[in-house]
Amino acid sequence: MKKCVHIFFIILLVLGFACNTNQSTPKDVKSLSQKTPPNVIFIMTDDHAYQAISAYSSKLIQTPHIDRLAKEGMRFDRAFVTNSICAPSRAVILTGKFSHLNSVRDNIQRFDSTQQTLPKLMQATGYETAMIGKWHLKSEPTGFDYWKVLPDQGHYYNPDFLTPKGKIQEKGYVTDIITNEAIDWIRSKRDTSRPFMLMYQHKAPHREWWPATEHLKDLQSQKYPEPATLFDDYQGRGKAAKEAEMRINEHMGLSNDNKIQPEIADKKGIKNFLVWYDRIFKNDYARLDEAQKKQWDAVYGPINEDFDKNTPQGKDLLRWKFQRYMQDYLACIRSVDENIGRLLKYLDESGLAENTVVVYTSDQGFYLGEHGWFDKRFMYEESFRTPLLVRWPGKIKAGSVCTELVQNLDIPETLLDIVGAKIPQDMQGKSFKPLLLESNESWRDVIYYHYYEYPGIHAVKRHYGIRSKTHKLIHFYYDVDEWELYDLEKDPQEMKNVYEDAAYKDIREKLLLQLKEAQAQYQDSDSLSMAILENDLKNK
């Protein structure tokens, strides 16, 4: 009898345990979902300087929604690109290979879409893939189950989009439209039985910096701090810095960039750099509908009138152009930040946030008046360095910061590693998943860079080089043969080339050896550089 009673109580305990388990189903479903492959959203903006994200610096703008990714994930403070220009950077992220191997070394070449790419590898792993926004690779996107992309650079207002069914035009502001499309695809167009990877890529804040109508007035009255090197005279460096055509004072267009009517600039006798920039302004303005033009004219009309009456000269003109540049550039970023906030809010409300990896980056850095410049291309820090934020709930410690040397070259390998896919041996990057999980794995000592687009717009000479955590070595070639070495600890603004300084002899020799090792590792060389140069010049 006692034995039967004992068995009876055991049965009750088992049943009770089963009932308690059923009562905690929501918790169990959550833990189960975390074991399924994570979704991936890769966000990339165009020309978004790390200096213009308040997670990095709050001197220029507050970006609370982008900052959220840093607060809830990891911020990378030494993230760089392999080639600081739009199309090559995108090709590197798709392939995990340097420019000399992935078919795109400059903004002219067409991407070979038949080659192995990240989206194709994700598809092979069972992921549904989508590309929405800026593509900028000339060939038709492949490896995507869904795509809707801007033709070439795209337009800020009432933009055209390319789709598998042809070209269509959407009414509105491009940053809003790209976000609408991204949310709509996640919500209603994807196969919910499969994990997904969405490449959600913005045009903004690419030149010519046309803010949304609701943000036209936001920043016009603000005064922005001038960079310490705004009036740089390029002493202490070679010909490359002196001869580059990206000086705000001389090479930023008054019409297309600063929104001054061409007639006013002509009347004042102020050089407007290139005549075709006037056409860019007029063509972009013509895309506005009547309501948009009314809002635009209400803001930029008074700016034009004031410029006509009180035309700045000399250094004052540089100061004026810098302020106008910041007002429009940062207003474009305000729209980006708001729209990323919309996307993150949707992920929260839909329950997708907990099992979705979100990556935020730009295709490269950008000069915001440092050295008196705008644009990018150089291996100097503001151009070479890019923002990189990664959120992976339950995996990355919130608010963590990584100071290791990583590159856009590493992004596809990392995403493949995160989802458990095999990384092809011919990819040249290295998964930084261990860094996300804060393991003690040893990391690289230097990173390699190579820029090719010369002769070309902005006249930045061809160069390659390496960067360690403390020093940078650069070799400019083609019509020059010049070496530059910078001590990043003593000279973070890279104002003094110490290549010939005897005090840096040992460091120079070490870096030269590491440069040769990096070239061998990435299958690059001086002889290959010259062969590519000859071919490029022959085809121009």
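The values are calculated or read from the model by the stated rules, or taken from the named source; none is laboratory data. Because the structure is predicted, anything quoted here is derived from the model rather than measured. Don't worry about glycine lacking a Cβ; one is built from the backbone with ideal geometry, like all the others, and counts go over all protein chains shown. Accessible surface areas use protein heavy atoms only, side chains included; no ligands, DNA or RNA. Shrake-Rupley method; radii C 1.70, N 1.55, O 1.52, S 1.80 Å.
The table below gives the values:
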quantity: Selected residue [of a type in the set (Ser, Thr, Tyr), open to solvent by less than 90 Å² (accessible area, probe 1.4 Å) and over 30 Å from the mean Cα position of the chain (by Cα)] from Tyr477, Tyr504; calculated: Tyr504
quantity: Residue within region 72-89 that is over 15 Å from the mean Cα position of the chain (by Cα) and either surrounded by fewer than 24 Cβ atoms within 10 Å (Cβ to Cβ) or of a type in the set (Gly, Ala, Ser) (or both) present; calculated: yes
quantity: Boolean, Gly420 is in a loop (DSSP other than H, G, I, E, B), out of contact with any Ser or Thr (no Cβ under 6 Å at 6 or more places or on another chain), open to solvent by 20 Å² or more (accessible area, probe 1.4 Å) and within 18 Å of Tyr127 (Cα to Cα); calculated: yes
quantity: Some residue of region 423-431 being closer than 17 Å to Thr82 by Cα and open to solvent by 30 Å² or more (accessible area, probe 1.4 Å); calculated: yes
quantity: Close pairs from region 298-311: first under 18 Å from Ala212 (Cα atoms) and part of a helix (DSSP H, G or I), partner modelled with pLDDT of 95 or more and not aliphatic (A, V, I, L, M), Cβ under 6 Å, at least 6 apart; calculated: none
quantity: Enumeration of residues in region 161-211 that are assigned to a helix (DSSP H, G or I), open to solvent by 20 Å² or more (accessible area, probe 1.4 Å) and under 16 Å from Leu352 (Cα atoms); calculated: Asp184, Arg187, Ser188, Lys189
quantity: Residue selected from region 36-77 under the condition touching a residue at least 24 places away in the same chain (Cβ under 8 Å), hydroxyl-bearing (Ser, Thr, Tyr) and part of a loop (DSSP other than H, G, I, E, B), by the criterion nearest to Leu368 (Cα to Cα); calculated: Tyr56
quantity: Given (1) touching a residue at least 60 places away in the same chain (Cβ under 8 Å); (2) closer than 29 Å to Phe432 by Cα, index of the condition His471 fails; calculated: (1)
quantity: Hits in region 225-260 (condition: out of contact with any helix residue (DSSP H, G or I) (no Cβ under 7 Å at 6 or more places or on another chain), open to solvent by 70 Å² or more (accessible area, probe 1.4 Å) and within 17 Å of Tyr454 (Cα to Cα)); calculated: Lys239, Lys242, Glu243
quantity: Residues located in region 142-160, provided they are open to solvent by 30 Å² or more (accessible area, probe 1.4 Å), closer than 16 Å to His206 by Cα and either of a type in the set (Val, Ile, Thr) or touching a residue at least 60 places away in the same chain (Cβ under 8 Å) (or both); calculated: His155
quantity: Residue within region 400-417 that is within 28 Å of Gly143 (Cα to Cα) and surrounded by fewer than 19 Cβ atoms within 10 Å (Cβ to Cβ) present; calculated: yes
quantity: Matching entry among Leu318, Leu288, Leu368 (being aliphatic (A, V, I, L, M), open to solvent by less than 30 Å² (accessible area, probe 1.4 Å) and closer than 20 Å to Arg75 by Cβ); calculated: Leu368
quantity: Evaluation of Ser113 against (1) buried (at least 17 other Cβ atoms within 10 Å of the Cβ); (2) in contact with a Leu (Cβ under 9 Å, 6 or more places away or on another chain); (3) assigned to a loop (DSSP other than H, G, I, E, B); (4) not acidic (Asp, Glu) (one fails), failing number; calculated: (1)
quantity: Pairs, first at pLDDT 95 or above in region 488-506, second among the β-branched types (Val, Ile, Thr), C-beta under 6 Å, six or more apart; calculated: Leu488/Thr470; Glu489/Thr470; Gln493/Thr229; Tyr504/Val498
quantity: Odd one out for Glu349 among (1) in a loop (DSSP other than H, G, I, E, B); (2) farther than 22 Å from Ser54 by Cβ; calculated: (1)
quantity: Among (1) assigned to a loop (DSSP other than H, G, I, E, B); (2) free of Cβ contacts under 8 Å to residues at least 60 places away in the same chain; (3) open to solvent by less than 40 Å² (accessible area, probe 1.4 Å) - the single one Ser442 does not satisfy; calculated: (3)
